[in-house]
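Structure first, commentary second.
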Amino acid sequence: MGMTIAQKIIAKHLVSGEMIPGREIALRIDQTLTQDATGTMAYLEFETMGIDRVRTELSVAYIDHNTLQCGFENADDHRYIQTVAKKHGIRFSRPGNGICHQVHLERFGVPGKTLIGSDSHTPTGGGIGMLAFGAGGMDVAVAMGGGAYYITMPKMFKVNLTGRLRPFVTAKDVSLEILRILSVKGGVGAIIEWGGEGIQTLSVPERATITNMGTELGATTSIFPSDEITRAFLEAEGRGDAWTPLCSDPDAEYDRVIDIDLSALEPLIACPHSPDNVKKVSELKGVKVDQVCIGSCTNSSLMDMLKVAALLKGKTIDPSVSLSISPGSKQVLSMLAETGALNDILASGARVLECACGPCIGMGFSPNSAGVSLRTFNRNFLGRSGTADAGVHLVSPETAVAAALTGFITDPRLLGEMPEIQMPQRFRIDDSAVIPPAAPEEAAAVEVVRGPNIKPFPQSRPVGEEIAAPLTLKVGDNITTDHIMPAGAKILPYRSNIPHLSQYCFGVCDAAFPERAKAAGESIVVGGSNYGQGSSREHAALVPMYLGVRAVIAKSFARIHVANLINAGILPLTFKNPDDYDALNQGDRLALRDIHAGMDAGRVMLDDLTTGQTFELACDFTGRQKAMLKAGGLLAYTALSE
């Protein structure tokens with residue numbers, strides 16, 4: 001039997017395990033990346049391992065999230081990351097150089113290589129044929145130390161594309177279409193391979209938009225072949241020697257095949273508050289728009305920005321709309337300036353923000369109260385924008401421009417003729433904002449600088465034979481990491497200060513939770529299906545752990561979050577009978593008994609001491625995961641293994 005693209009890369013990087021769906025496998029990791037909202041914690045974790053220098057082929061620390069410096073906290077974190085990177089062999093991408101995924105695609109991505117990053121949208125690298133995973137900071141720290149990355153061997157999905165996108169229909173619309181088909185949990189446990197004759201009509205930036213948004217499906221990762229289009233992109237970046245051809249075998253088998261006719265698509269929009277709440281733009285015609293944001297790791301490439309500039313040229317945005325433009329990298333911004341396209345953007349009345357994530361993670365440019373905001377981003381979770389009652393919609397850059405010009409949700413096909421945009425034959429190459437590390441012989445003399453906001457890593461506790469604790473919080477389906485540990489300009493600066501950060505835990509769901517959890521000492525959280533979807537932020541596990549959460553019981557979990565819970569020493573369990581969820585009430589006193597034997601047997605019994613009921617919970621842990629939980633998490637397990 002032939003192999004898929006992902007299976008070929010996995011086979012070359014397999015350290016242990018069998019490539020059988022559902023079995024745990026360990027992979028050798030070639031490259032890692034971090035960003036500053038998760039990076040400080042990842043490097044604190046790396047330092048605890050006592051390893052002098054990273055053992056990957058390439059590791060890069062990016063500064064792209066916490067770039068608003070309203071106090072000392074973000075600047076101190078950046079200084080810490082820069083010095084720890086210099087000491088331990090990590091390249092440092094300075095603030096202003098760009099968004100990690102955009103820059104990594106431009107300057108460092110290599111087809112056929114493995115990459116993990118402490119950001120859930122790391123699968124963007126699949127746009128050039130990388131096997132790229134989002135992961136928690138602990139997993140990234142272990143990989144930097146030369147350790148393997150463990151995942152459950154995924155199923156393989158194939159999306160066959162036929163036809164060609166019509167004018168004003170984009171790769172973002174392809175992403176929204178697959179979300180409409182599969183939902184935010186339809187890709188869980190699967191790698192999505194994109195193929196078919198239609199991919200030959202898609203550039204690398206368009207492919208990267210699609211693999212980026214694959215994260216919202218819950219997919220393990222997404223990947224395109226590495227072909228002549230990939231080769232042309234890498235050659236334009238001056239990295240043609242990094243190219244290698246990569247495709248699936250003709251007789252490769254897939255667990256599911258989905259067909260999409262590109263020529264049949266039309267402009268789509270994801271309505272509040274979920275990326276899979278997808279409708280046709282034409283269905284929302286005439287809805288008043290207050291704000292438009294163009295950028296993020298999904299749609300900030302030079303191609304996207306040149307289209308935006310061409311559509312804005314000679315026009316002025318509607319007086320009632322505020323428009324922001326965030327180029328994805330210094331390379332993109334420089335080339336916009338050189339071509340004159342930046343002038344067209346500025347003349348329209350748009351506000352050009354720095355090359356960073358910015359509004360996507362609530363770091364500035366929040367909408368007005370109850371405002372309608374159209375964004376070219378990948379997430380529209382409740383409150384993520386920084387405005388609790390805003391209605392955030394996800395759209396393509398073309399649909400965003402149409403709304404900015406008219407003041408209403410407008411089908412972009414009404415704008416007239418779509419200007420033709422060509423990929424450049426040569427990108428502007430300037431890597432001066434990527435600082436190399438110290439040479440090995442000089443590293444010992446490098447001082448790592450820590451600001452007062454950087455607090456010690458919180459101590460986890462081993463999972464014992466019994467957990468008796470109150471149910472301090474019960475939440476519903478599709479609880480995101482933004483619900484558990486919100487982002488935003490007010491909170492993100494404290495990502496390296498878990499004690500301070502803890503007061504915001506579950507703030508979107510129940511602002512009283514932190515105090516209730518502290519008062520309880522130990523507690524249990526109950527959730528619905530797809531618990532922990534969204535970002536890779538391990539803070540959504542570390543902060544509950546700090547607050548005394550010992551176990552989370554849910555109908556189902558998102559892939560990265562369940563790994564982060566185990567890494568933090570929190571016991572994740574699922575209802576054997578999902579209807580049992582309804583029988584538990586917040587405030588009930590619960591007891592999990594005979595946990596160690598239960599983990600071995602694949603089931604743990606739960607007693608509701610308040611109602612007298614007993615429930616069976618399922619668990620399917622590998623031997624390594626059981627050892628980690630018994631040790632108190634990944635760092636404790638790693639220390640014991642030394």
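Which ones in region 94-113 are of a type in the set (S, T, N, Q) and touching a Lys or Arg at 6+ places or on another chain (Cβ under 9 Å)? Let's see the steps before the verdict.
Step one: list which residues in region 94-113 are of a type in the set (S, T, N, Q), which gives 97, 102.
The answer is Asn97, and nothing else.
Consider Ala639 carefully, then state whether it is of a type in the set (A, V, I, L, M) and closer than 22 Å to Phe513 by Cα.
On the way: of a type in the set (A, V, I, L, M): yes; closer than 22 Å to Phe513 by Cα: no.
When the stated conditions are applied, Ala639 does not pass them.
Given the structure, is Gly238 part of a helix (DSSP H, G or I) and in the same structural domain as Thr124 (by TED's automatic domain parsing)?
no
Yes/no matrix, rows are residues, columns are (1) assigned to a loop (DSSP other than H, G, I, E, B); (2) crowded, with 24+ Cβ neighbours inside 10 Å; (3) not assigned by TED's automatic domain parsing to the domain that holds Ile10:
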{"residue": "Lys172", "(1), (2), (3)": "no, yes, no"}
{"residue": "Arg180", "(1), (2), (3)": "no, no, no"}
{"residue": "Gly186", "(1), (2), (3)": "yes, no, no"}
{"residue": "Ile192", "(1), (2), (3)": "no, yes, no"}
{"residue": "Gly198", "(1), (2), (3)": "no, no, no"}
{"residue": "Ala208", "(1), (2), (3)": "no, yes, no"}
{"residue": "Met213", "(1), (2), (3)": "no, yes, no"}
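Would you mind stating whether Leu573 is part of a strand (DSSP E or B) and either touching an Asp or Glu at 6+ places or on another chain (Cβ under 9 Å) or of a type in the set (Lys, Arg) (or both)? So that I can check it myself, show each step before the final result.
Numbers: part of a strand (DSSP E or B): yes; either touching an Asp or Glu at 6+ places or on another chain (Cβ under 9 Å) or of a type in the set (Lys, Arg) (or both): no.
Considered against the rule, which asks whether it is part of a strand (DSSP E or B) and either touching an Asp or Glu at 6+ places or on another chain (Cβ under 9 Å) or of a type in the set (Lys, Arg) (or both), Leu573 comes out as no.
Output the residue which, of all residues in region 385-439 that are polar (S, T, N, Q) and assigned to a helix (DSSP H, G or I), is farthest from the chain's Cα centre (by Cα). Give the steps one after another, and end with the answer.
In the first step, residues of region 385-439 are kept if they are polar (S, T, N, Q); the result is 385, 387, 396, 399, 406, 410, 422, 425, 432.
If we keep only those that are assigned to a helix (DSSP H, G or I) too, we end up with 399, 406.
Working: Thr399: 24, Thr406: 32 Å.
Among those that are polar (S, T, N, Q) and assigned to a helix (DSSP H, G or I), it is Thr406.
Would you check which residues across region 47-93 are under 27 Å from His13 (Cβ atoms) and among the hydroxyl-bearing types (Ser, Thr, Tyr) and list them?
Hits for region 47-93 are Thr48, Thr56, Ser59, Tyr62, Ser93.
Take the residues in region 479-499 that are under 28 Å from Ala591 (Cβ atoms) and not in a helix (DSSP H, G or I), then tell me which one is modelled with the highest pLDDT.
Ile479
Is it true that Ser373 is over 20 Å from Pro205 (Cα atoms), out of contact with any Phe, Trp or Tyr (no Cβ under 8 Å at 6 or more places or on another chain) and part of a strand (DSSP E or B)? If you could, list the steps in order and put the result at the bottom.
Numbers: over 20 Å from Pro205 (Cα atoms): yes; out of contact with any Phe, Trp or Tyr (no Cβ under 8 Å at 6 or more places or on another chain): yes; part of a strand (DSSP E or B): yes.
Yes, satisfied.
Looking at Asn585, Asn564 in this structure, which one is under 23 Å from Ala520 (Cβ atoms) and buried (at least 20 other Cβ atoms within 10 Å of the Cβ)?
Values: Asn585 fails: buried (at least 20 other Cβ atoms within 10 Å of the Cβ).
Unique residue meeting the criteria: Asn564.
Looking only at residues that are farther than 25 Å from Gly328 by Cβ and of a type in the set (A, V, I, L, M) in region 152-170, which one is surrounded by the most Cβ atoms within 10 Å (Cβ to Cβ)?
Met156
Take the residues of region 606-633 that are free of Cβ contacts under 8 Å to residues at least 40 places away in the same chain and buried (at least 16 other Cβ atoms within 10 Å of the Cβ): which is nearest to Asp582 (Cα to Cα)?
Among them, the one singled out is Asp608.
Just to check your reading of the model, which residue among Ala519, Ala591 is in a strand (DSSP E or B), surrounded by fewer than 24 Cβ atoms within 10 Å (Cβ to Cβ) and modelled with pLDDT of 95 or more?
Ala591
Considering only residues that are free of Cβ contacts under 8 Å to residues at least 40 places away in the same chain and not in a loop (DSSP other than H, G, I, E, B), which ones fall in region 440-469?
Glu441, Glu442 - these are the residues of region 440-469 that are free of Cβ contacts under 8 Å to residues at least 40 places away in the same chain and not in a loop (DSSP other than H, G, I, E, B).
The values are calculated or read from the model by the stated rules, or taken from the named source; none is laboratory data. Keep in mind the model is a prediction, meaning the values are calculated, not measured. Note: ideal-geometry Cβ built from the backbone for every residue, glycine included; neighbour counts use all protein chains shown.
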